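Trainee: Input: one structure, supplied below.
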Amino acid sequence: MQTSRPSSSVSQEKKRKISICVHVRNGGPESPSCGGQESRVLIKELTELLVKKNLTDITVAESRCMGLCENGCMMYIEPDDVRYQNVKLSDLNEIVSSHLMQGQVVKRLRFV
């Protein structure tokens, strides 16, 4: 029997995986994409931050296109089924402390 959780709460029962889109669209500035917005830097910095916070059981991986290039950089957290949009380096501390450590979705970044 599963128990229900508040919508702002996230699951910590299964191992988490964070996917960050690294897709680069051809077409110049009028064709935005996650990879064109330093998503690989996000992956590196997030991985380092997780080690500093001793959250080494969380996997960070590159993702192919999530189909939301205009909303990039896109981040998807499993098994929580939470997508974040327009993620910047300055957002990583909040995502880690609020979502990953306290179980609270960062509503201002959530893609719904």
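Trainee: Within the set of pairs 6+ apart or on separate chains, which have a first residue in the range 77-89 that is in contact (Cβ under 8 Å) with a residue 40 or more places away in the chain, a second that is surrounded by 14 or more Cβ atoms within 10 Å (Cβ to Cβ) and among the small types (Gly, Ala, Ser), and C-beta atoms under 7 Å apart?
Mentor: 79/11; 80/11
Trainee: Would you confirm, using the coordinates I've provided, whether residue 40 is modelled with pLDDT under 95, surrounded by 13 or more Cβ atoms within 10 Å (Cβ to Cβ) and out of contact with any Pro (no Cβ under 9 Å at 6 or more places or on another chain)? First the steps, then the outcome.
Mentor: Details: modelled with pLDDT under 95: yes; surrounded by 13 or more Cβ atoms within 10 Å (Cβ to Cβ): yes; out of contact with any Pro (no Cβ under 9 Å at 6 or more places or on another chain): yes.
Here the answer is yes, as residue 40 does meet what is asked.
Trainee: Related question: Which residues, counting only those in the range 61-112, are of a type in the set (Gly, Ala, Ser) and either over 27 Å from residue 26 (Cα atoms) or not in a strand (DSSP E or B) (or both)?
Mentor: Let us first name the residues in the range 61-112 that are of a type in the set (Gly, Ala, Ser), namely 61, 63, 67, 72, 90, 97-98, 103.
Those that are of a type in the set (Gly, Ala, Ser) and either over 27 Å from residue 26 (Cα atoms) or not in a strand (DSSP E or B) (or both): 67, 72, 90, 97, 98, 103.
Trainee: Can you run down the residue pairs with Cβ atoms below 7 Å, 6 or more apart or on separate chains, where the first is in the range 33-51 and closer than 17 Å to residue 71 by Cα and the partner is among the basic types (Lys, Arg) and surrounded by fewer than 18 Cβ atoms within 10 Å (Cβ to Cβ)?
Mentor: 33/25
Trainee: Something else now. With respect to residue 24, determine if the residue is at pLDDT 90 or above and over 15 Å from the mean Cα position of the chain (by Cα).
Mentor: no
Trainee: Mind checking which residues of the range 89-105 are within 22 Å of residue 35 (Cβ to Cβ) and surrounded by fewer than 17 Cβ atoms within 10 Å (Cβ to Cβ)?
Mentor: Within the range 89-105, 89, 90 meet the criteria.
Trainee: Here's something else I'd like to know. Criterion first (buried (at least 17 other Cβ atoms within 10 Å of the Cβ), over 13 Å from the mean Cα position of the chain (by Cα) and at pLDDT below 95) does residue 65 satisfy it? Reasoning before the result, please.
Mentor: Details: buried (at least 17 other Cβ atoms within 10 Å of the Cβ): no; over 13 Å from the mean Cα position of the chain (by Cα): yes; at pLDDT below 95: yes.
It is false that residue 65 is buried (at least 17 other Cβ atoms within 10 Å of the Cβ), over 13 Å from the mean Cα position of the chain (by Cα) and at pLDDT below 95.
The values are calculated or read from the model by the stated rules, or taken from the named source; none is laboratory data. Note that the coordinates shown come from a computational prediction; the quantities given were computed from them, not determined experimentally. Because the Cβ atoms are built from the backbone with ideal geometry, glycine has one as well, and the counts that use them run over all protein chains shown.
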